[in-house]
Amino acid sequence: MKIAIDVRKWRDFGIGTYVRNLVRHLARLDNETTYFLFCHDTDEATLRDLAENFVPVVDRSAGYGVREHLSIPLKLRRLGAELLHSPHYVRPLLCTIPSVVTIHDCIHLLFPQYLPNRMAWRYARYMMGSAIRHSAVVFTVSDASRADILRFYPWADPAKVHVVPNAIDTELLESPGEEEMARVRERYQVHGRFVLFAGNVKPHKNLERLIRAFALVRDQAGHEDLQLLLIGDDVSRYGALRRAVESVGLRQDVRFFGFVPPRTLAALYRMASVFAFPSLYEGFGLPPLEAMSCGTPVVTSRMSALPEVVGEAALLVDPYKVEAIATGITAVLDDDGLRERLVEKGRARAAAFSWERSVRAIHAGYLKALGRPAPAFAEVTH
């Protein structure tokens, strides 16, 4: 078989985590199929080292642009690929071979106000619908996302929309060790208690409310030493967030770290007193699961897929109410019994998710799309 996968988002946060784990686990699972990995120049060397049957193919077309709809189909034809996996909702319009697609969420349809213009909303709606219509299998990452897909596209065949959840990077599961923990403390000057957020810094992550909630927590006796650390790669949003910090008078106590390497993130997860993730919408919500795997208690939103992902292992709050977010953080900080229960349940919950199992289900989807014998899909419920 010859299967092509679009991995141009290799370095991204959310979809990048999905792509990296998909490819790495396929390399362990399947050494017979030839995999063509459409990538950027900067990732070619890394991908070449995966395995002999994984072939990087540089494609310089920009995401969400016109060129990718022509350049990728031309390469598919030249390479003799039999199947294309688009790991997000943009399936090239001129693709003529069988395909599967992963639609992680419907955020662009649910929150059009976060898009640059009305045309971007129309593009997202059309491209998502086209991918669903023309793909043999549609993967998504939660029951909540599956319900959103079928709500926006009621004509879609429910039988071909399969839930295959995300899981946790191996690099985060492994303890970084005391030496690395000490290095991170010194490098980032983190020596006291802190509340941690990690993820894309986008409007629906609700960070301005988190900042205001943190200010309420800081006003309480016994929490004057607390800091808030925000990790995210969308630095264009930091200006607005810094203005929110200025408005609550905590400029020295809210820190923006930008992107950090996985080992550093693993250390920060383990050092945090609370992981706070009050997102307004998530197709899955991997960071709370990552934090739980590191033994950190989690306060997160009760919206969209988050209750499905974290189960009873996190404290769920109303993300639209600043006071509710603050109360949740305070409860975890002040109640040792609650902290211990959340840590214990969190580790068990995180262990229930497996990239190996999920990638086996995706591989089965490839075989199904090609009309070849395949094991039953691993529809995972927790």
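Throughout, read-outs are computed from the coordinates displayed, never taken from laboratory work. Not measured: the values here are computed from a predicted model. So basically every Cβ, Gly included, is an ideal-geometry build from the backbone, and we count neighbours across all protein chains shown.
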Gyration tensor verdict on the range 170-351 (Cα atoms; rounded if a/c is under 1.5, prolate if a/b is larger than b/c, oblate otherwise):
rounded
Find, among the GluC sites (Glu not before Pro) in the range 20-116, those assigned to loop by DSSP (not H, G, I, E, B) with at most 15 other beta-carbon atoms within 10 angstrom.
E32, E52
At R60 and D336, where each label point lies 7 Å from the Cα along Cα→Cβ, what is the point-to-point distance in nanometres?
6.2
If each K or R counts +1 and each D or E counts -1, the residues other than D169 whose Cβ falls under 9 Å of its Cβ total -1
If I take R0 = 22 Å and measure r between the Cβ atoms of E344 and L173 in this structure, what FRET efficiency does the formula 1/(1 + (r/R0)^6) give, to the nearest 0.05?
0.85
Modelled label-to-label distance, N117 and K160, 7 Å Cα→beta-carbon offset: nm?
3.3
Neighbour-limited loop hits for GluC sites (Glu not before Pro), the range 295-339 (at most 13 other Cβ within 10 Å; DSSP other than H, G, I, E, B):
E312
With +1 on each Lys and Arg Cβ and -1 on each Asp and Glu Cβ, how big is the dipole of the chain about its Cα centre, in debye rounded to the nearest 20?
1300
Sparse-neighbourhood loop sites, chymotrypsin sites (Phe, Trp or Tyr not before Pro) in the range 251-287 - DSSP loop, at most 15 other Cβ within 10 angstrom:
F259
Would you calculate the separation in nanometres between label points at Y238 and H134, each defined as 7 Å from the Cα along the Cα-to-beta-carbon direction?
3.9
